[in-house]
Each structure stands twice: as C-alpha cells, then as structure tokens.
1. Rounded to the nearest angstrom and ordered from largest down, what semi-axes does the equivalent ellipsoid of the chain get from its C-alpha gyration tensor (root of 5λ)?
2. If r is the Cβ-Cβ distance from Glu25 to Met45 and R0 is 22 Å, what FRET efficiency results, to the nearest 0.05?
3. Just list whichever of Lys47/Lys75; Lys8/Lys29; Lys8/Lys48; Lys24/Lys48 have alpha carbons separated by over 32 Å in the model shown.
4. Give me the extension gain from Leu59 to Glu77: residue separation times 0.36 nm, minus the current Cα-Cα distance, reported in nm with one decimal.
5. Grab the beta carbon distance between Lys85 and Lys8, set R0 = 41 Å, and tell me the FRET efficiency rounded to 0.05.
6. From the phi of every residue in the range 51-57, what ³J(HN,Hα) in whole Hz does the Karplus formula 6.51 cos²θ - 1.76 cosθ + 1.60 yield, where θ is phi - 60° and glycine or proline is x?
7. With runs of 4+ DSSP H residues as the only contributors, calculate the mean residue ellipticity of the chain at 222 nm using -39,500 (n - 2.57) per run, divided by the residue total and rounded to the nearest 500.
Amino acid sequence: MRIFEIMKARVNLTIEQDLLAKIKEYANKEGKSISELVERFFEQMIKKKKENEPDLFELMKNLPPIELPENFDYKEEYYKAKMKKYGF
C-alpha cells in the first residue's frame with residue numbers, strides 16, 4: 001500500500017540542439033534521464049536559496065531593543081492604531 005504518491009508534471013523546455021546533445025551524452029554517461037538531471041538541478045538551486053536565507057529568530061535577536069515608558073499601555077495603543085487605520 002502506498003501512503004504517499006508523488007505527483008509529477010510534464011514540462012516542455014526549449015534548448016539549443018548542441019547543448020541538448022551534450023546533456024543527453026552527460027545523462028547517458030551518468031546513467032540518468034534528462035528529467036532526473038533537471039529535477040536534481042532545481043532541487044539543489046532551491047536548497048541553496050534556503051540555506052542563504054537568514055533565520056527569522058536570528059534576525060529578531062539582532063534587532064535593537066525598543067525603549068518604551070514604564071506606563072506604556074499596549075492595549076490602548078493597539079486600539080488607537082485601529083481607530084486611526086479604519087477612521088473611527
């Protein structure tokens with residue numbers, strides 16, 4: 001019984017004939033299909049992008065502290081902002 005089924009989609013690419021011949025040769029040498037090579041390329045590209053993205057929690061730790069008066073009323077300021085935004 002299959003729990004997860006991987007959905008695949010067809011994609012049409014336009015590639016120069018010379019380059020396509022080289023890709024076919026490379027894929028054959030590696031024992032892979034062109035589809036596998038393209039899929040692996042995009043997976044690596046996305047993974048690299050995610051690795052380069054800063055962690056949200058690290059960014060928040062590096063923010064300068066906000067200095068507010070001790071008697072600052074968050075609730076009152078929240079409602080003031082809503083009234084201003086919605087014109088009440």
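None of the figures in this text is laboratory data; all of them are computed from the coordinates on show. What you are looking at is a predicted structure, and each value in this text was computed from that prediction instead of being measured. Cβ placement follows ideal geometry from the backbone for every residue including glycine, while neighbour counts extend to all protein chains displayed.
1. They are 54, 18, 16 Å, listed largest first.
2. Once rounded, the FRET efficiency stands at 0.45.
3. Lys47/Lys75
4. That works out to 4.0 nm of additional length.
5. Plugging the Cβ-Cβ distance into 1/(1 + (r/R0)^6) gives 0.35.
6. With coefficients 6.51, -1.76 and 1.60, one gets 5, 7, 6, x, 6, 4, 5 Hz.
7. Result for the chain: -18500 deg cm²/dmol, rounded to the nearest 500.
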